[in-house]
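Chemist: Before I ask anything, here is the structure I am working with.
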Amino acid sequence: MTIEDVAHNVKMNWNTIKNIEKHYLEKHYSKPFLDGVTRIAIDEFAVLKGHTYMTVVLDLDSGRVLFVGKDRSKESLDVFWRRVKRSGVQIKAVAMDMWPAYIGSVIENCPDADIVFDHFHIIKILNMKLDEIRRDLFRDETQYNKRSLIQGTRWLLLKNQDNLSEKASDRLKEALAVNQPLAAAYYLKEELKLLWMQDDMDKAWNFLASWVKRAYETGLVKLREFTKTLMSHYTGILNWYKHRISTGKLEGFNNKIKVLKRKAYGYRDFDFFILKIQALHVSRYELL
């Protein structure tokens with residue numbers, strides 16, 4: 001039920017109903033308690049077009065929203081850590097992507113916590129590199145037949161191999177057969193997923209070192225750039241074997257935020273929007 005519906009039913013002004021709900025949300029959700037929180041996830045979500053983002057922090061064990069920042073800067077996230085320090089809780093692990101502002105904020109404010117880089121974000125970065133390789137090879141290819149095979153393969157390369165239809169799989173194999181560098185990059189991309197399927201951290205490290213060596217030896221500039229990213233963040237990547245957490249739960253929650261935005265057609269009152277997000281994990285019938 002929307003705020004407009006409630007206002008109509010009770011014969012009251014829209015702003016009055018909205019302010020009543022806002023007051024209720026401020027009382028119950030403006031300062032989420034942090035007792036018992038040990039594992040969290042940090043991620044951003046898009047608010048407006050033009051790369052405008054906000055930050056959200058989720059308790060991975062309870063599913064509660066702990067903090068919503070008005071952007072994705074280090075300064076914004078630092079506000080959350082001040083609350084953590086005042087509460088005295090000990091955060092043991094933080095799941096997040098490789099956004100430098102988040103990394104800097106965690107290292108500065110919670111140095112004893114293990115950072116766990118989300119593996120889906122890592123594969124996403126590799127997919128971006130693979131697409132750049134595809135574009136470079138297509139641009140440099142002089143033979144018409146090879147160009148025609150490479151053209152239109154973007155989604156075939158980025159999609160999980162197991163999800164391809166037989167026809168799409170055959171089309172991809174044709175393109176890879178005529179371009180060895182593209183084939184090498186693609187199969188390395190598929191193989192990297194095995195990094196999170198090893199028996200333990202030591203075996204994962206051996207796998208990662210071997211993968212990085214083979215990727216570097218391809219000579220592909222984009223793959224070499226990616227190997228540098230992996231090796232400069234390898235501790236946070238391998239920490240998955242200590243905590244087995246990711247931002248997956250938070251990304252699912254971000255989809256709820258998208259629905260909230262779409263139903264409300266945007267929020268003029270930004271503070272009200274933040275309160276709605278903080279209460280979203282328990283909301284069933286939101287007033288919009």
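The values are calculated or read from the model by the stated rules, or taken from the named source; none is laboratory data. Quick caveat: nothing in here was measured; it's all calculated off a predicted structure. A quick note on method: Cβ atoms are made from the backbone with ideal geometry, for glycine too, and the neighbour counts reach across all protein chains shown. What goes into the accessible areas is simple: the full protein's heavy atoms, side chains included, and nothing from ligands, DNA or RNA. Shrake-Rupley method; radii C 1.70, N 1.55, O 1.52, S 1.80 Å.
Chemist: Only residues that are open to solvent by 10 Å² or more (accessible area, probe 1.4 Å), of a type in the set (Gly, Ala, Ser) and closer than 18 Å to residue 117 by Cα: list them for region 186-235, please.
Modeler: 209, 232, listed by residue number.
Chemist: If you don't mind, there's one more thing I want to ask. Going by the conditions given, is residue 76 part of a helix (DSSP H, G or I) and open to solvent by 10 Å² or more (accessible area, probe 1.4 Å)? Full working, then the answer.
Modeler: Details: part of a helix (DSSP H, G or I): yes; open to solvent by 10 Å² or more (accessible area, probe 1.4 Å): yes.
The answer is yes for residue 76.
Chemist: Next question. Determine the pairs where a residue that is in contact (Cβ under 8 Å) with a residue 24 or more places away in the chain and under 20 Å from residue 100 (Cβ atoms), located within region 63-75, has a partner that is part of a loop (DSSP other than H, G, I, E, B) and open to solvent by 40 Å² or more (accessible area, probe 1.4 Å) with Cβ atoms under 8 Å apart, the partner being 6 or more residues away or on another chain.
Modeler: Every condition considered, the pairs that remain are 72/99.
Chemist: Which one is modelled with the lowest pLDDT among residues in region 239-249 that are touching a Phe, Trp or Tyr at 6+ places or on another chain (Cβ under 9 Å) and open to solvent by 10 Å² or more (accessible area, probe 1.4 Å)? Reasoning before the result, please.
Modeler: Just the residues of region 239-249 that are touching a Phe, Trp or Tyr at 6+ places or on another chain (Cβ under 9 Å), to begin with: 239-241, 246-248.
Restricting the remaining residues to those that are open to solvent by 10 Å² or more (accessible area, probe 1.4 Å) gives 239-241, 246, 248.
On the way: 239: 98, 240: 97, 241: 98, 246: 94, 248: 90.
Looking at residues that are touching a Phe, Trp or Tyr at 6+ places or on another chain (Cβ under 9 Å) and open to solvent by 10 Å² or more (accessible area, probe 1.4 Å), I get 248.
Chemist: Follow-up. Yes or no: residue 114 at pLDDT below 95 and either more than 15 Å from the chain's Cα centre (by Cα) or open to solvent by 60 Å² or more (accessible area, probe 1.4 Å) (or both)? Show your work before the answer.
Modeler: On the way: at pLDDT below 95: no; either more than 15 Å from the chain's Cα centre (by Cα) or open to solvent by 60 Å² or more (accessible area, probe 1.4 Å) (or both): yes.
Against the criterion (at pLDDT below 95 and either more than 15 Å from the chain's Cα centre (by Cα) or open to solvent by 60 Å² or more (accessible area, probe 1.4 Å) (or both)), residue 114 does not qualify.
Chemist: Test each condition in (1) surrounded by 20 or more Cβ atoms within 10 Å (Cβ to Cβ); (2) touching an Asp or Glu at 6+ places or on another chain (Cβ under 7 Å); (3) at pLDDT below 95; (4) of a type outside the set (Lys, Arg) for residue 53 and report the one that comes out false.
Modeler: With respect to (1) surrounded by 20 or more Cβ atoms within 10 Å (Cβ to Cβ); (2) touching an Asp or Glu at 6+ places or on another chain (Cβ under 7 Å); (3) at pLDDT below 95; (4) of a type outside the set (Lys, Arg), residue 53 is out only on (1).
Chemist: Can you tell me which of (1) at pLDDT below 95; (2) under 29 Å from residue 242 (Cα atoms) is the one residue 197 doesn't meet?
Modeler: Every condition holds for residue 197 apart from (1).
Chemist: Right, something else. Pull out all pairs, ordered by first then second residue, where Cβ-Cβ is under 7 Å, the residues are six or more apart or on different chains, the first lies in region 25-41 and is farther than 13 Å from residue 57 by Cβ, and the second is polar (S, T, N, Q) and open to solvent by less than 80 Å² (accessible area, probe 1.4 Å).
Modeler: What qualifies is 29/278.
Chemist: Going through region 255-288 one residue at a time, which ones are in a helix (DSSP H, G or I), at pLDDT below 75 and touching a Gly at 6+ places or on another chain (Cβ under 9 Å)?
Modeler: Once the filter is applied, which keeps residues that are in a helix (DSSP H, G or I), at pLDDT below 75 and touching a Gly at 6+ places or on another chain (Cβ under 9 Å), region 255-288 yields nothing.
Chemist: Turning to a different aspect of this structure: Going residue by residue through region 36-43, is there one that turns out to be open to solvent by less than 50 Å² (accessible area, probe 1.4 Å), modelled with pLDDT of 75 or more and assigned to a loop (DSSP other than H, G, I, E, B)?
Modeler: Keep residues of region 36-43 that are open to solvent by less than 50 Å² (accessible area, probe 1.4 Å), which gives 37-38, 40-43.
From what is left, the residues that are modelled with pLDDT of 75 or more are 37-38, 40-43.
From what is left, the residues that are assigned to a loop (DSSP other than H, G, I, E, B) are 37-38.
Checked against the condition, which is being open to solvent by less than 50 Å² (accessible area, probe 1.4 Å), modelled with pLDDT of 75 or more and assigned to a loop (DSSP other than H, G, I, E, B), region 36-43 yields at least one hit.
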